[in-house]
Amino acid sequence: MSPVEFCGLELAHPIVNGSGTFDAIAAYRAFGEALKQEFPFAAFISKTITLRPRAGNPAPRLWEAPAGLINSIGLPNKGLDGYLAEDLSQLARLPVPLITNVMGSTAAEISQLVQRCDAREEINAIELNVSCPNVQTGLDIGADPRQLEEVVRTVRPHTSKSLIVKLTPNAADVAECARAAQEGGADAVSLINTLRAMALAPTASPATRWLGGGTGGLSGPAIRTVALAQVAAVAARVEIPVIGMGGVQCAAHARDLIDVGATLVAVGTESFRDPLAGARIARDLAPHST
Amino acid sequence: MSANEQLGAYRVLRVSDPDGPRPDPGQFAMLAAAERWGGGEDERPYLARAFSIARVRDGEAHYLLEDVGPGTRRLCELQAGEGLLVLGPLGRGFAAPPHQDRRPLLVGGGVGIAPLAILQDTLASADFSSTVLLGFRDGARGEGAALLNGASVATDDGSVGHAGLVTELLASELDRDGYAVVYACGPAPMLEAVRVMCMERDVPAQLALEAGMACGFGACYGCAVRTRGGGYLRVCVDGPVIEAAELERVDEHAGAPA
């Protein structure tokens, strides 16, 4: 476990959380001092913040899949005003840098989010969730390289903080999307987000979808090999740093992602099973040697 | 794990945890087998499973389980001496003892009777005697009533006690003396019936809910239940015990991964 530099941030080790997989405020409430002694991540990435508040999707929101989890949470959050007014001061007290994840459905909306985050010194970097349908085209902003490059280029001048683009894996050529994000001015990319997935209600006739949101995103060990392939492909196509994630459960899995080119590794679903998974993986991640 | 005992159709898992934090009645823990968690039906279980803490005695936490899926099956087959991963106690439990000296009515259904046992213990240590009404599908499950003291039992098939629903027992009790507070845990249709009955009669009720959850500590936002105000509460951190008056209804479809 050794310090690592990422977008100008000095981090104690390369393990961070995936956006939306760890609620630091709720975790402090549940575990208190136990968490303070060993915060599991070298930087904290917030859940996705949108301009307006969102209640989230109707239940059920979860489905346990073979070696994984499908979630259809629907990005519940207080909206940007609520986040900045209520959550930011608490998150700023974490012992690690704060990366705020934002999502909007137009370049103008994303620019507004980024500009308001830029004004807050508690925020060290900004991550863009581009797995959001463009209101004009209906396509996920991040699924089309040209559209993605244009959006990042439009947003870029609105902040001097580092911009990380969280790529969608539900694209024809993820490496091409990563390249487009870099050309648009991104300082880093992160991947993989969840894979679109679906489950049917076990006993319903006629067949009905289990999840209240219809479809969801698959995460966990089931997607680890997909993540490794996509991170390797992306790292080979870009010069900017890569945050790799997808099904990481132990240091060996994190090492695999680093070996194919990731600078940081995010732990996501595994933190649901073990809130200190990030700390365990960071501890077990010995400095590279052979 | 220090013991795995049969109680009718259920198992009582006793887990040695002498240094662990003392749970409040109604709190829960996430449980997973330390070894061979996964590889069952459809390669499950993957996530830990949430269980109410049924009792704490002599440095052991007791959990009441029914084998209803790959996760509960693996836990039910664990033997004394095998390892269990326990994350807890979690969530907000029952507010007890009751305000204004209302008499406590404990209403449980099936494996959901578990948190009422520790609640009865806690109330007894504060010199409150509680009326206990428990409903089960059949006689084998009805044996679970031995977890509590002095329970009145209803069974769907009439093999033990009142033939019918536990909510019928509750209606009689409230008819007899409605100055009560209801603490309830059980399947969603039972909780919904309890909620409606208590709302109609203006009796405060605390409902221990179940919902599919991935983490148990507020991270995944998977266990959301709708409130009367139109928003959502997380069962894991805002509950699992929620005042009936806060809920729009108790939905069946938020069932836990078994």
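Annotation for A:Gln90 and A:Leu276: the two label points, set 7 Å from Cα along the Cα-Cβ direction, are 2.3 nm apart.
What FRET efficiency would be calculated for the residue pair A:Thr203, B:Arg36, taking the C-beta separation as r and a Förster radius of 22 Å, to the nearest 0.05?
0.20
Neighbour counting of Cβ atoms within 10 Å sorts the residues B:Tyr232, B:Tyr183, fewest neighbours leading, into B:Tyr232, B:Tyr183.
When the helix-only estimate is applied to chain A (DSSP H runs of n ≥ 4, each -39,500 (n - 2.57), divided by the residue count), what is the mean residue ellipticity at 222 nm, nearest 500 deg cm²/dmol?
Result for chain A: -8500 deg cm²/dmol, rounded to the nearest 500.
Relative to the current alpha-carbon distance between A:Ala252 and A:Arg156, full extension at 0.36 nm per residue lengthens the span by 31.0 nm. Springs between Cα atoms under 10 Å define the GNM used for chain A, and in it the highest mean-square fluctuation of A:Phe41, A:Phe31, A:Phe272 occurs at A:Phe31.
Taking label positions 7 Å along the Cα-Cβ direction at both B:Val68 and A:Gln115, the computed distance is 5.3 nm, reported to one decimal.
Other protein chain C-beta atoms within 10 Å of residue C-beta, averaged over A:19-26: 4.
Here the Gaussian network model covers chain A, with springs between Cα atoms less than 10 Å apart; of A:Pro145, A:Pro14, A:Pro202, A:Pro202 fluctuates the most.
Taking Cα centroids, how far is segment A:249-290 from segment B:194-258 in Å? Measuring centre to centre over Cα atoms gives 35 Å. Each DSSP beta bridge with both residues in the protein assembly as shown is either parallel or antiparallel, and the antiparallel ones are about 50%.
Figure legend: label point modelled 7 angstrom from the Cα of B:Ala80 along Cα→Cβ; residues of segment B:21-58 with amide N under 18 Å from it are B:57-58.
Counting Cβ atoms of other protein chains within 10 Å of each Cβ in B:39-46 and taking the mean gives 4. Largest mean-square fluctuation among B:Glu246, B:Glu210, B:Glu168, in a Gaussian network model of chain B whose springs join Cα atoms under 10 Å apart, belongs to B:Glu246. Taking each DSSP H run with n ≥ 4 as -39500 (n - 2.57) and averaging over every residue of chain B yields -5500 deg cm²/dmol at 222 nm.
With an 8 Å cut-off on Cα pairs and a minimum separation of 6 or more residues, tell me the relative contact order of chain A in percent.
20
The label point for A:Val135 and the one for A:Ala55, both projected 7 Å from the Cα toward the Cβ, are 2.0 nm apart. A simple charge model with +1 on the Cβ of Lys and Arg, -1 on the Cβ of Asp and Glu and nothing else charged puts the dipole of the protein assembly as shown at about 660 debye relative to its Cα centre. Note on chain A: along the principal axes its Cα atoms extend 55, 40, 40 Å, ordered by decreasing extent. For a test of the definition: using alpha carbon positions, the gyration tensor, and the 1.5 limit on a/c, classify segment A:211-290 as rounded, prolate or oblate. Oblate. Neighbour counting of Cβ atoms within 10 Å sorts the residues B:Leu65, B:Leu191, fewest neighbours leading, into B:Leu65, B:Leu191. With both residues required to sit in segment A:144-270, DSSP beta bridges show an antiparallel share near 30%. Semi-axis lengths, largest first, of the ellipsoid equivalent to segment B:3-90 are 21, 14, 12 Å, with √(5λ) applied to each eigenvalue of the Cα gyration tensor.
Legend: ranking of residues B:Val237, A:Val231 from fewest to most surrounding C-beta atoms inside 10 Å; resulting order B:Val237, A:Val231.
Every number in this text was worked out from the coordinates using simple rules, so none of it is lab data. These figures come from a predicted structure and were not determined experimentally. A quick note on method: Cβ atoms are made from the backbone with ideal geometry, for glycine too, and the neighbour counts reach across all protein chains shown.
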